1. Looking at this structure, is ALA80 in contact with a strand residue (DSSP E or B) (Cβ under 6 Å, 6 or more places away or on another chain) and more than 15 Å from the ligand (Cβ to nearest atom)?
2. Wholly within the range 78-170, which helices (runs of 4 or more DSSP H) include no fewer than the required count, namely at least 2 residues that are β-branched (Val, Ile, Thr)?
3. Among the residues that make up the range 266-273, is at least one of them in a helix (DSSP H, G or I) and hydrophobic (A, V, I, L, M, F, W, C)?
4. Please enumerate the residues belonging to the range 198-225 that are outside any helix (DSSP H, G or I), surrounded by fewer than 19 Cβ atoms within 10 Å (Cβ to Cβ) and more than 22 Å from the chain's Cα centre (by Cα).
5. What are the residues in the range 285-342 that are closer than 20 Å to LEU113 by Cβ, in contact with a helix residue (DSSP H, G or I) (Cβ under 9 Å, 6 or more places away or on another chain) and either without any contact (Cβ under 8 Å) to a residue 12 or more places away in the chain or polar (S, T, N, Q) (or both), if any?
6. Quick one: ASP173 ticks every box in (1) surrounded by fewer than 24 Cβ atoms within 10 Å (Cβ to Cβ); (2) in a strand (DSSP E or B); (3) within 16 Å of the ligand (Cβ to nearest atom) except a single one, so which number is it?
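The values are calculated or read from the model by the stated rules, or taken from the named source; none is laboratory data. It should be emphasised that the depicted structure is a prediction, and the values quoted were computed from it without experimental measurement. For neighbour counting, all protein chains shown are included, and Cβ atoms are generated from backbone atoms with ideal geometry for every residue, glycine included.
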Amino acid sequence: MRVGVLVSGGDCPGLNAAVRGAVLRGVDVYGYEYIGYRDGWRGVRDNEFMPLNRAAVRGIAPLGGTILGSSRVSPLGDGAIGVSGLKQHMRDNAIDGFITIGGNGTQTVANMLFQEGIPVLGLPKTIDNDLVGTDYSFGFDTAVHIATEAIDRLRTTGQSHRRCMVLEVMGRDAGWIALHAGVAAGAQVILVAEHSESVEQIAEWVTKVDQRGRSALVVVAEGFIPLGYDTEITREGSDGFGRKRLGGVAEILAAEIERISGIETRATVLGHVQRGGVPTAFDRVLATRAGIRVADAAADGEWGKMVAARGERMELVPLAEVGGKTKHVPKERYLEVRRLFG
Ligand code: F6P
């Protein structure tokens, strides 16, 4: 079997470990020949790929980023390679199927391709942890570690100056990074995309902390919408999938907190630091197991499915159950921590 592997969407730590897992299992156990596309679907469109054999994946598990490159080029839509172009590409290059490693947008597209008769398997990756069907996606644990460390650091400087510190983390539709890092580091306010709060309420929590002689730490997901605002706070431009670029909510909150409470406040945007660098051991293990499972799935002809971590098991879920959906922070998880705010 000849299988094409690609990474699409924003990168995350663990991608290389996943590719290595898929290659080791596929080559050793099933005798696959793999090719790795450069920059996701762009490489398919432009016929740019490299052999993915044991030598190509040697020692890559601890490396951040992706040896293949990634992009948000879609195979569908205006000017794209399209379904017929993809089928032609498969015939020309004797490709039996694709393994697409990606987040929400990628798995949605993978499902559309499968519905059009293209054999596709999905591997879930996203620091946002917002893919349904899987308990965790690799990349998330690393991002939470980085965000937790950032909060720990902001706390000491905040305390020295008796300032409120606001940290903005990624999470456009789901606030998992904010929730987990906030709990791990003991933030006094955690704001997520799924649940709105008024700036007055946030300032009240911050004031309560100040009255105890402490400096408040507020962690906010980029997709958080303060009560009374119509939509997320955005930057100019959009990404390759046409999604608006989020960012800037921390600055707005910092100004509002300072205005209402009179407490000096500073904003920090963690940004792409969350997506870079070496994966945690947890993410390496999760990614490797996901790679192994996807190689098995191809051997079993389980096309149209995505690998999913469920408890201790790596299972398969139909892409149709994943595409276009978001795994939100449930209300009860938010309310559980909200009682501790302030
Ligand atoms: O990977 C998803 C994500 O981390 C979102 O939380 C964020 O909005 C987006 O990536 C930013 O990615 P980029 O700057 O690469 O478009």
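1. Values: in contact with a strand residue (DSSP E or B) (Cβ under 6 Å, 6 or more places away or on another chain): no; more than 15 Å from the ligand (Cβ to nearest atom): yes.
The answer is no for ALA80.
2. Working: elements: 82-93, 104-115, 140-161.
Ranges flagged: 104-115, 140-161.
3. Going through the range 266-273, the residues in a helix (DSSP H, G or I) turn out to be 271-273.
From the residues that got through so far, the ones that are hydrophobic (A, V, I, L, M, F, W, C) too are 273.
Yes, the range 266-273 has at least one match.
4. SER198, ARG212, GLY213, ARG214
5. Scanning the range 285-342 gives no hits.
6. (2)
Let's see how each residue does on (1) surrounded by 15 or more Cβ atoms within 10 Å (Cβ to Cβ); (2) more than 18 Å from VAL307 (Cβ to Cβ); (3) outside the structural domain of TRP303 (by TED's automatic domain parsing):
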residue: VAL44; (1), (2), (3): yes, yes, no
residue: GLY69; (1), (2), (3): yes, yes, no
residue: ALA94; (1), (2), (3): no, yes, no
residue: GLN107; (1), (2), (3): yes, no, no
residue: PHE114; (1), (2), (3): yes, no, no
